[in-house]
Amino acid sequence: YKRQTQSTGTESENTPNSCRFHPGNPIFHEGRQIWSCCDEKAYGFDEFLLIPGCASGRHTDYKPQQPAPKKQTITATPITNSANLEVYRAPSTPSRPNPLQQIHSAEPVQEKPDPPDAVIAIGVPCIHHGCEHRYSGSSSRDEECVYHSGVPIFHEGSKGWSCCKTKVLDFDQFLAISGCQKGKHKFIKDEPDSGLVNCRIDFYQSSIQIIIAIYAKNVDSQKSSIRFSKHEMDVELLFKDGKKFIKKIGFLYPVLPEASKYEILSTKVEVILRKDEPISWEGWII
């Protein structure tokens, strides 16, 4: 039992250097994903899962014990009531919206099936999130796959997927959350579109809004769109030269989709997200 490792050998092949793993914990902050034990950084969850281990050892089924959470001590403070009597009450803390609450199932992702004539090696894993199946032959193409079609959401210790309501605290429990979407296994990643481009994104905020600038010139306003939901937005910008910027972006906190909007300008696309609650965001993307 070690993070980011796969064991397919026998016990006799389990040497002190057989397992490459991460002894640290995952850290997610403002779109960046890292392990606390090494300096490798990733900016996408799939990329993060591919970061090679930074320590070596033997494969094991033993799960190390995690330290117990520290107990929080709350000091009661005296206040005076209307009868001029001193009473004690624990200090209140402002409630913050949890982005994992009231998450609705995402619509099925439209993806290309693996080409019928594609050569797939035995043991290649399914690329769907939440599926641990490995290709074992032609029958694997027709077997049912149960997976997550959404994006991962991490916030203040809670971990879950945008496509289902289950949330957990432990990262390994998060990886074990059962899928909520059914389909066929997919073993080959689609080739990236040569017409895709990256765009620089900045943001600032007010008490009730997040204002985002996607810097992009010559965007075709008739063919471009941004779709909002409570926890993410789907950006599809098509340029007049045929190139495009496509990105699914998860929010750190919930927004009001019906009150959010965008405007395509000459040098940028301005997006205004209406906050679900008037609180200060320490960042805006997951």
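The values are calculated or read from the model by the stated rules, or taken from the named source; none is laboratory data. Everything numeric in this text was worked out from a predicted model, so none of it was measured. No Cβ is skipped: glycine too gets one built from the backbone with ideal geometry, and neighbour counts run over all protein chains shown. Note: areas computed on protein heavy atoms with side chains; ligands, DNA, RNA excluded. Shrake-Rupley method; radii C 1.70, N 1.55, O 1.52, S 1.80 Å.
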Mind checking the full-extension length gain between Lys261 and Asp39? Use 0.36 nm per residue of separation minus the Cα-Cα distance, one decimal, nm. 76.2 nm
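Roughly speaking, to the nearest percent, how much of the range 114-226's 1.4 Å accessible area is carbon and sulfur?
Summing carbon and sulfur atoms, their accessible area is 51 percent of the total for the range 114-226.
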Among the aspartates and glutamates, which fall within straight-line cross-link reach of Lys189, defined as a Cα-Cα distance under 19 Å, with same-chain neighbours fewer than 8 residues apart omitted? Asp46, Glu47, Glu111, Asp114, Asp117, Glu132, Asp142, Glu143, Glu144
For His133, which sequence-distant residues (separation of 5 or more, or a different chain) have an amide H within less than 5 Å of its own amide H, given hydrogens modelled in the peptide plane? Cys126
Pairwise FRET efficiency - Ser221 versus Lys189, Cβ, R0 = 35 Å, nearest 0.05: 0.65
With all distinct Cα pairs included, what does the Kirkwood hydrodynamic radius of the range 169-211 come out to in Å, to one decimal, could you say? 16.0
What is the extension gain from Ala176 to Thr60, computed as 0.36 nm multiplied by their sequence separation minus the C-alpha to C-alpha distance, in nm to one decimal? 40.0 nm
With a/c under 1.5 counting as rounded, go ahead and sort the range 141-286 into rounded, prolate or oblate using the C-alpha gyration tensor (a ≥ b ≥ c being the square roots of the eigenvalues; past the cut-off, prolate if a/b is larger than b/c, else oblate). oblate
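From the C-alpha coordinates alone, can you work out the Kirkwood hydrodynamic radius of the range 109-225, in Å?
Every distinct Cα pair counted, the radius reaches 17.6 Å.
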Estimate the FRET efficiency between Asp202 and Ala121 by the formula 1/(1 + (r/R0)^6), using the beta-carbon distance for r and 35 Å for R0, to the nearest 0.05. 0.25
